[in-house]
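Asks: One structure follows; several queries about it will come next.
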Amino acid sequence: MEALIVADDLTGALDSAVGFAALGRRVVVARSPEAVSEALALAPNVLAVNTASREVAPEVAAARVVSALTGLHPGSFKAVMKKVDSRLKGNIAAETEAMAQWFDGARLVACPAIPEMGRRVEDGMLVGEGVSVPLNVAGCFKTPVDVPDCASDADLDRLVANSEDKVLWVGARGLSFALARHAGVAEPAVASLRAPLMIANGSRDPVTLAQIAGLPSDVTVLDAPDGEVRNADLTEGSLVLSISDGGGGLSGHEAARRFAESVARFAERARPAALLVCGGESAQAILDRLGVNSLQVTAELRPGLPLCEVRMPWGNMQIVTKSGGFGAPELLAGLVKDVL
């Protein structure tokens, strides 16, 4: 296989794997270590695995990485990457150590630069857009790691092209796209959403709420207090379900579970050809409820918006995930306008 990517959250797994999405390549993301065997049955060229381990204890995170790698052999992949948060959050040391033990003898190279977002590595420090205080990259690891300077995509391309075979890459979207370019994918495929479109907004981030408010007036938006949506007549055009605070004092996990039930109920009625989900926790809950364990990444709808294909009882459906704090105010309005 061309590449293995192990990520600590679903949006990161998708956002890094999409760099390889091009005609003639099958890119599959396993939503959990337990789904790896199902993903492998699809004969992918690129495999990404979500360990959902950013917010757990370090020893639990390491165990999830070990579970994800069980049955896989480093020699089966031309490139191996540990995808980490672009601002170095999470259990980077524990997870990388687990991968390093599996990939025995590999040189660790860490470069979390994302030049397209204005994030660079200079003198061993992560700096730039969204990084309020320079972050010491090597300080995130227990074992020695090379931290090359990278300020541009050209720097990343040279880094990948000039490396030896046995490297454990540690980085974010910028590095995964450089690995994809080295494998021959100049840029991901692009696509449009198919109609009918359903948007499930499980985020209360002001960025996404502004995007919902900016939707055209003819788009039906149904409120979901504490995740629950009352039955409503369906109309032509795009349908939006948007979570809100219903005053029930529910945990985020419980609200996401209730929202997933509402989304599944409306999806079974509306039979969307495309489903766009805002919010990471809601995306996990909705995919659980829909029984989707692995995702085939086919294109990038917009930078940062990977597009996947799944099979539902009513036919093929596109799935797009968007983090709550991502995108300009007009993003969702533009996507609705461009629906085929």
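The values are calculated or read from the model by the stated rules, or taken from the named source; none is laboratory data. Only a predicted model underlies this, so the values are computations on that prediction, with no experimental measurement involved. In this analysis, Cβ positions are derived from the backbone assuming ideal geometry, glycine residues included, and neighbour counts consider all displayed protein chains. Remember, those area values only see protein heavy atoms, side chains included, never the ligands or the DNA or RNA. Shrake-Rupley method; radii C 1.70, N 1.55, O 1.52, S 1.80 Å.
Asks: With every protein chain present, what accessible area does H253 have (1.4 Å probe, heavy atoms only), rounded to the nearest 10 Å²?
Replies: Near enough 130 Å² of accessible area.
Asks: First select every other residue whose beta carbon is under 10 angstrom from the beta carbon of P313; then total the charges, Lys and Arg +1, Asp and Glu -1. Could the numbers behind the result be given before it?
Replies: Numbers: positive: R271, R311; negative: E268.
With Lys, Arg at +1 and Asp, Glu at -1, the net is +1.
Asks: Can you tell me which aspartates and glutamates have their Cα less than 15 Å from the Cα of K337? Leave out same-chain residues fewer than eight positions away.
Replies: Result set, ordered by chain and number: D218, E236.
Asks: What percent does the relative contact order of the chain come to when contacts are Cα pairs within less than 8 Å and at least six residues apart?
Replies: Details: 771 pairs, mean separation 64.4, N = 340.
Once normalised by length, the contact order is 19 percent.
Asks: Local charge sum around A264 (other residues, Cβ-Cβ under 14 Å, Lys/Arg +1, Asp/Glu -1)? Don't jump to the answer; show the numbers that get you there.
Replies: Working: positive: R257, R258, R265, R269, R271, R289; negative: E228, E261, E268, D288.
Spelling it out: positives minus negatives among the neighbours equals +2.
Asks: Next up: Please compute the contact order of the stretch 53-116 in relative form: average sequence separation of alpha-carbon pairs under 8 Å and at least six residues apart, divided by the residue count, as a percent. Show your work: numbers first, answer last.
Replies: On the way: 48 pairs, mean separation 27.0, N = 64.
Taking the mean separation of contacting Cα pairs over the length of the stretch 53-116, I get 42 percent.
Asks: Under the 0.36 nm per residue contour assumption, what length would be gained going from the current alpha-carbon distance of A57 and E268 to full extension? Write out the running numbers ahead of the final one.
Replies: Working: separation 211, 0.36 × 211 = 75.96 nm, distance 3.71 nm.
Working it through step by step, the gained length comes to 72.3 nm.
Asks: Continuing with the same structure: Accessible surface of S86 in the full protein assembly, 1.4 angstrom probe, to the nearest 10 Å²?
Replies: S86 exposes around 20 Å² with every protein chain in place.
Asks: Here's a follow-up. Near K142, which lysines are there with a Cα under 19 Å away, not counting those fewer than 8 places off in the same chain?
Replies: K82, K83, K89
Asks: Principal axis extents for the stretch 94-227, Cα atoms only, whole Å, descending order, please.
Replies: 57, 34, 30
Asks: Still on this model: Below 13 angstrom from the Cβ of R119, what's the summed charge of the other residues (Lys, Arg +1; Asp, Glu -1)?
Replies: Details: positive: R87, R120, R173; negative: D85, E116, E122, E129, D149, D153, D155.
Taking every Cβ under 13 Å from that of R119, the sum is -4.
Asks: Using only the Cα atoms of the stretch 1-153, construct the convex hull and provide its projected area averaged over every direction, in square nanometres to one decimal. Kindly include the intermediate steps, with their values, before the conclusion.
Replies: On the way: hull surface 35.4 nm².
If you wrap the Cα atoms of the stretch 1-153 in a convex hull and average its projections, you get 8.9 nm².
Asks: Shifting gears a bit: Using the Kirkwood radius over Cα pairs, work out the Stokes-Einstein diffusion coefficient for the stretch 158-241 at 37 °C and 0.692 mPa s, in µm²/s as a whole number. Could the numbers behind the result be given before it?
Replies: Details: Rh = 17.0 Å.
For these conditions, the coefficient is 193 µm²/s.
Asks: State, to one decimal in nm, how far the label point of V133 lies from the label point of A41, with both points 7 Å from Cα in the Cβ direction.
Replies: 4.8
Asks: Shifting gears a bit: Need the list of lysines near K78 for cross-linking: C-alpha distance under 18 angstrom, and skip anything on the same chain fewer than eight residues off.
Replies: Straight-line reach from K78, under 18 Å: K166.
Asks: Using a 1.4 Å probe on the protein heavy atoms, what percent of the accessible area of the stretch 46-122 belongs to carbon and sulfur?
Replies: Values: 1520 of 3010 Å².
Carbon and sulfur: 50 percent of the exposed surface of the stretch 46-122.
Asks: Next question, about the same structure. Does a label point 7 Å from the Cα of A213, set along Cα-to-beta-carbon, have any residues of the stretch 233-274 with amide nitrogen under 19 Å, and which are they?
Replies: Only 240-246 fall inside the zone, counting backbone N under 19 Å.
Asks: Here's another thing I want to ask about it. Need one number: the % of Cα-Cα pairs in the stretch 194-261 sitting beyond the 19 Å mark. Please report the intermediate quantities before stating the final value.
Replies: Values: 757 of 2278 pairs.
Tail of P(r) above 19 Å: 33 percent of Cα pairs.
Asks: Okay, next question. Report the dimensions of the chain along its three principal axes from the alpha-carbon atoms, largest first, rounded to Å.
Replies: In descending order, the Cα extents are 60, 43, 37 Å.
Asks: Let me ask another. Need the C-alpha centroid separation for the stretch 173-236 versus the stretch 247-283, integer Å.
Replies: Comparing the Cα centres of the stretch 173-236 and the stretch 247-283, I get a distance of 13 Å.
Asks: Still on this structure, please answer the following. Where the eigenvalues come from the Cα gyration tensor of the stretch 15-60, what are the semi-axes √(5λ) of the equivalent ellipsoid, largest first, in whole Å? The partial results should precede the final answer.
Replies: Values: eigenvalues 111, 34, 6 Å².
Values for the stretch 15-60, descending: 24, 13, 5 Å.
Asks: By accessible area of protein heavy atoms, probe 1.4 Å, what ranking do R230, R258 get, highest first? Please list the in-between numbers first.
Replies: Working: R230 205, R258 70 Å².
So, going from the largest accessible area down, we get R230, R258.
Asks: Using a probe radius of 1.4 Å on heavy atoms only, what accessible surface per residue do you get for the chain? Whole Å² is fine. Numbers along the way, then the final one.
Replies: Working: 14360 Å² over 340 residues.
Result: 42 Å² per residue.
Asks: So what does log10 I(q)/I(0) come out to for the stretch 138-196 at q = 0.22 Å⁻¹, using the Debye formula with one equal point on every Cα and no solvent?
Replies: Each listed q maps to, in turn, -0.95.
Asks: What number does the stretch 198-340 give for Rg over Rh if you use C-alpha atoms and the Kirkwood radius? It would help to have the intermediate numbers written out before the result.
Replies: On the way: Rg = 13.9 Å, Rh = 15.0 Å.
Answer for the stretch 198-340: 0.92.
Asks: Heads up, I need the accessible area for S32: 1.4 angstrom probe, whole protein in place, Å², nearest 10.
Replies: Near enough 30 Å² of accessible area.
Asks: Quick one: dipole size for the stretch 283-340, taken about the Cα centre, charges +1 on Lys/Arg Cβ and -1 on Asp/Glu Cβ, in debye to the nearest 20.
Replies: On the way: 5 positive and 5 negative charges, 18 e Å.
For this selection, approximately 80 debye.
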